[in-house]
Each structure stands twice: as C-alpha cells, then as structure tokens.
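The values are calculated or read from the model by the stated rules, or taken from the named source; none is laboratory data. In this text the structure is predicted, and so the values were computed from the model without any measurement. No Cβ is skipped: glycine too gets one built from the backbone with ideal geometry, and neighbour counts run over all protein chains shown. Ligands, DNA and RNA are stripped out before the accessible areas are found, and what is left, the full protein with its side chains, is counted by its heavy atoms. Shrake-Rupley method; radii C 1.70, N 1.55, O 1.52, S 1.80 Å.
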Amino acid sequence: MPIVSFFRSVACARGLFFAAWLVFATAALAQSPSAADGFDPNVDGNVYALAAQPDGKLILGGQFAVLRPGIGIAAGRDNLARLNADGSVDLAFAPNPNAPIRALALQPDGKLLVAGDFTSIGGAPRNRLARLNADGSLDTAFNPSIGGAVNALLLLPDGRIVIGGAFTTVGTTTRNRLARLSTTGALDAAFDPNVNNVVFALGLHGGGKLLVGGGFTRIGTSDRGRMARLNPDGTVDSEFNAAANNVVTAIAVQRDGHILFGGAFTTVQPFPTPTPQSRSHLARLQADGQFDSAFNANVGGDVNALVIQPDGSILVGGAFASAWSAGAAPSGRGNLARFSADGALDVAFAPFTNQTVAALAIFPDARLAVGGYFTRVASRNIPAGIIRNRLARLNLDGTIDATFAPEDGGRPLVTAVQADGKVLLGGTFTSVGGVTRNFLARVNADSTLDLAFNPNLNGRVLALAVQGDGKILVAGSFTTVTGGAFARTYFTRLNADGSVDGSFNPTPNGEVNALAIQADGKILIGGAFTGLTPNGATTTTTRNHIARLNAADGTVDTPFDPSAFGNVLALAIQSDGKIVLGGAFTTLQPNGARAASSRSGLARVNADGTLDTAFNPFPNGAVTSLALQSDGKLLVG
C-alpha cells in the first residue's frame, strides 16, 4: 500500500490507526525486494566469464542451462547467453555450446571469441575455441581445434589471438598450454613457448610483450614461478620472474605500465628480489618487472578476477572475506573489494556476495557486472541482501542495481514511539498524506501528521531510537539534515522538536544500520562504517562496523571495540548488559585481541566488548533482525 493511500485511509477511521499501523509496518518490513526489481537475469548455474558490449548488452559464459530473468521471459541457454541492458535475455542470440565457457573476448568488428571445454556449438563440431558473428551464429571459417581446455583469451592489437589453458595440441601440432593464432585461426608456427603446466591468465604489456599467469614452474628451458613475461616472439623475458608460491589466476596492467596479478599465492619473489615478499593473493610489479614494495593491497583468500576502472581504481573478485591495506586491520569484504590505484582500500565500497566471484566486467556507463557462484548480494542500499543468482549489476558506488520501490513514493522501514504517544516513521518515502516529508516524519496520536516536525533529510532512514530525555537518534544513508543546513553523515540526534542537536556529531564514515540504547544511556551503533570522527576531531577513531558512543556528546567509548569484519545490521541488549549483534560479518577481534574469532553473522559480546565465547549459533547467512523475548530467549531473522 502506498504510504499516501495509507494515511488517507486512516483519516477515515482514526480509532483503528495503531492496529492498522502495526499490521502495515509488519507487512512492509517483512517484504523482500521483488525478483523483478532491477537487473536480475537469474542464472541457474555458475558464471565464469563476462564481456560487456559497447551497446550495453552483456555476454555471459559459464556452466548453466536456463535463465529466468525478472524482466522478459525465461529461456534455455546452454553455457552462453547475451542479455539486453535491462537484464532480459537476448532471444536472438543462442549459440548453445555443449560444455562450459571459461573465457570471452570481443573483437572490434563485433565478432566474439569463446573458449572453454566444449566440443560443439549449435551442433557443429568446435573443439574448445570458436568465433561467433555478432548475431551469435557460428563463424564457419574459423576452426583451430584445440586439444584440451582453454582458460584464457587475449586479443592482440593486430587481431591475432593468444590462448592459454590445459591443452597440448592445436590441430595436429603439439602446443603445450600456450599458443598464438592468426586472425583466421591458423596456428603461428614460430610461437612455441612450451609451458609445463596450466595457464589461467594472460595480459599484454608494453612493446608487445605477453604476460602469462598460471600453475606452471617452467617455460621452455627457463624456470618461472607461475608468472612470466614473454617477448613478442614467444621467448622468455630473462629479466622478469615474479616467482609466486602458488597459482596466478588474474592479471591486469595499469595505465602507467605497473602489473597487477592475483591468485592463491601468499609470497612473491620477483627478480632480482633476494627474499620472498609477503603478499596475500594480490601483488604489483613495476613496469620493469621489479617488485613494487609501495603497493600493499591484500585480500584474505583467492583472487579470480581483476579489472581496472576508468578512474584507475582496482576491482578485485574472488573467494575472500576480508581485505586490507598496509598497516590497517582487515576489513570485512564479501568476495569483492575495490582499491585505489596506489593500493588503499576503498572503505565506502563494500558489496557482499554469499559465494565466490569469478568474473567482472565494466559496462559503458561505468556500472559493474559481477558473475560467479553466489545466490545473494548485499550492499549499502540493500543491507539485508537480495537474491541474485550468479549474476548481478552494481552501481559505481557498489550499491546493487535494483529498483527498490515496492510502493509508489517509497515506504516506511522503521518506527519508534515517543513517551507522548507520537510515532516516528523513517524509511524511503518523500511524502506523507500528500505533504512533503523526506525520509523522516512524525504522526500525532490521532493519526494526523505532525506539521511542526520536519527534519528534511537527504537520504534513507534505517534505524530510530528515542532517548530517555526525549531526544531522537536517527541513522541511515543520509548526509545532511534540515534541507542541507547541517552536515550529518549517516547518524544524527534531534531535539524533541526536530531541530538538530548541535553538540552531537559522531560522523561515522559509512552507513549506520542499527541502533540500541543501553540502560546507562550509552549508544550502540552498527553498520558499514570503519571509523568515526566525532564533533570535528582531527583524527578518526577506527571502529569496524560497531561502536559505542557516550550519550552526552557522541564521542567514542574508547575501551569498547568488538571489531566485526563485516557489516553489523542488528543489535539487541540483554538484561545482563550483554550485547547481541547480527549482520554479514565473519569474524570478531575484540578490544585489540591478538587473533580474530570466527563468528558468522551472529555473535554476543560482554558489556566491555570482549567476546562471549560460549555463544556461537553460527547461522549460514546474514542476520538482519533480532528481538529479545521477556523470558530472555532470542528471536533471530
């Protein structure tokens, strides 16, 4: 029900307001975003490769059979499909390879190179590599016939094609795991590096040199530790040897020639570095191949995909739960992270997927396509998460592309009742009963709008709480209050009349999703933030996703620091002072503990912030709501 219609209806039956409101609020909060909202192709199997066309269409390859998008009709598509810009299936494009697709490359003429495990496309024999016309039909003149899986494709500026994988022949000629083809698909007989193990990644470097990553330890007669650079003729570059201690699965080259690579490694020892250097799954080399010690970006698990955005930012996808820069504590990240060009973690970019990210692509409008094994994605705009089966589209800020509007004009998401019986409403709405009210409003006990109360925020309200003195705590995704007169990022306190409490400005650096007030008046907040800079302080106090503030002025209660690695979305305070937190976090490292403790989505801390080690229910997904019963039992949603 639209909120305007709701208030018109209660104007006719004021005596039923509170009963009707409770039903309405419960229904609104229980709703999850429609499967038809936004970009939702709904793929029934894993996505391994993505390619964004200049016209906004997206090609996806992987191991799937059907797409059931929220927009348009369901369609059978074996392992390869093309989507329109709205996420619907391009019904004219149906190549249907008979086995998984692992790599894609778009040619300038609109033709598409596809590689993987297949042996036929549309019933026509094609061994692991094929070229399609722009309409998806097979290019019948192109048929290299590769004797083994192809994992990586690289299109050279002159139109020639480099392939890497687990194959050992091209046609009838021996080619171990790396080969170069002409524009017609003929084998380049002069190019024969002879790699001794699988190739997963390829890149082009200055002067036409070729970057190669994989599981190999030797190329030709040269020892090379899973990352190498080849001269244009296929010989090994003798001055380049990254020497990673485990597989390299992704490569990207920055505009200045610096080389990024990611994988399963934890150390690298590039020539001529004398000792192994610690790098957790991500490293950078200078253009000459020497180790770049100034770049220290890390993720806590395997890297599968690297993409550089137009502004130079580095997108990293894989199977990890944390990311960090040099000298900083790990910050919770759900298989996707963004770093600046120099390796600093982008703390504001924190989408979460519930399983591995395997592929990334950037649309012409700079939005991001994310593919992999996941079935759910969460972000600042939908912290509770939304179903997105193996493919999602994110906005530039990391929020999910989803038309989150179940009612016209927005909806209430949270409520709080004042001592005088008035009801505070917060949410996504911009009007109440036809009167402009941006994201926050107050209703009198007789159901009429409180016309004197108009804080006028510029973003959503996600949590509300009323203090004992009548002041109102408001949290969400806003950055200004009273029409821009006051800068208040994500959290503010209002006086009872709706004016801003000028003495209270905690200034968290990310969205606040949850609030709770302790018996002593101290304030607990949870969300996407990693630090607070209260009341114009010159330094930021690090607090990972949960903090406790002093009631008088909003300064940080410094002894209390549970440090959750992932968003905190719900809070509940027990009668004994213990605090239950729910969210999308994976570990806690309270009060500077030497080691982090595994806690997946639900944890309890003592009043001093230390971990309650006896409490570990370990749900297998994010917790977004908590409620304590009168008998002390806890409801978890």
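Would you mind finding the longest exposed-site-free stretch of the chain, with exposed trypsin sites (Lys or Arg not before Pro) meaning DSSP loop and at most 13 other Cβ atoms within 10 Å?
On the way: sites that count: Arg255, Arg594, Lys633.
In the chain, the maximal stretch lacking such sites is 256-593.
Considering only protein heavy atoms and a 1.4 Å probe, what is the carbon-and-sulfur percentage of the accessible area of the chain? Numbers along the way, then the final one.
Details: 12100 of 23460 Å².
Accessible surface attributable to carbon and sulfur in the chain totals 52 percent.
Just need log10 I(q)/I(0) for region 321-459 at q = 0.16 Å⁻¹, Debye formula, equal scatterers on the alpha-carbon atoms, no solvent, rounded to two decimals.
Once normalised to I(0) and log-transformed, intensities are -0.88.
As an exercise, use a Förster radius of 41 Å and the Cβ-Cβ distance of Phe486 and Ser293 to find the FRET efficiency, rounded to the nearest 0.05. Display every interim value, and only then the final one.
Values: r = 44 Å, r/R0 = 1.07.
After rounding, the FRET efficiency stands at 0.40.
Measure out, as a whole number of angstrom, how far apart the alpha-carbon centroids of region 273-298 and region 537-611 sit.
If we compute the Cα centre of each part, the gap is 34 Å.
Just need the relative contact order of region 542-610 here, percent rounded to a whole number, with Cα pairs under 8 Å and 6+ apart. Don't skip to the answer; put the middle values down first.
Values: 144 pairs, mean separation 19.5, N = 69.
Across region 542-610, relative contact order equals 28 percent.
In Å and from the alpha-carbon atoms only, list the Rg and Dmax of region 281-384.
Radius of gyration, then largest Cα-Cα span, for region 281-384: 13.4, 45 Å.
Could you give me the ³J(HN,Hα) list for region 360-373, computed from phi with Karplus coefficients 6.51, -1.76, 1.60 and θ = phi - 60°, whole Hz, x at Gly and Pro?
With coefficients 6.51, -1.76 and 1.60, one gets 9, 8, 9, 6, x, 8, 6, 5, 10, 8, 10, x, x, 9 Hz.
Enter the accessible area per residue of the chain (Å², integer; probe 1.4 Å; all protein chains in place). Let's see the in-between values first.
Numbers: 23460 Å² over 637 residues.
I get 37 Å² per residue for this part.
Can you give the net charge of the other residues whose Cβ lies under 13 Å from the Cβ of Ala603, counting K and R as +1 and D and E as -1? Provide the component values of the computation, followed by the final result.
Values: positive: Lys578, Arg599, Arg604; negative: Asp612.
Here the charged neighbours net out to +2.
If you add up the charges near Ala75, with Lys and Arg at +1 and Asp and Glu at -1, over every other residue whose beta carbon is less than 13 angstrom from its beta carbon, what do you get? List each step's numbers first, then the result.
On the way: positive: Arg68, Arg77, Arg82; negative: Asp44, Asp78, Asp90.
Charge balance near Ala75 sits at 0.
Would you please give the FRET efficiency between Lys471 and Ala328, computed as 1/(1 + (r/R0)^6) with r the Cβ-Cβ distance and R0 = 35 Å, to the nearest 0.05?
0.55
Modelling each spin label as a point 7 Å along the Cα-to-Cβ direction, I'd like the Thr172/Gln518 distance in nm, to one decimal.
About 8.1 nm separates the two model spin labels.
Near the amide H of Ala514, under 5 Å away, which other amide H atoms are found, from residues 5 or more places off or on another chain, if H is placed in the peptide plane?
Gly526
Express in whole angstrom the spacing between the alpha-carbon centres of region 99-142 and region 349-395.
26
Helix-only mean residue ellipticity at 222 nm, the chain, DSSP H runs n ≥ 4 weighted -39,500 (n - 2.57), per residue, nearest 500. What is it? Numbers along the way, then the final one.
Details: 2 runs with 23 residues, N = 637.
That comes out to -1000 deg cm²/dmol.
Using a cut-off of 15 Å between beta-carbons, work out the net charge of the residues near Thr482 (Lys and Arg +1, Asp and Glu -1, Thr482 not included).
Spelling it out: positives minus negatives among the neighbours equals +2.
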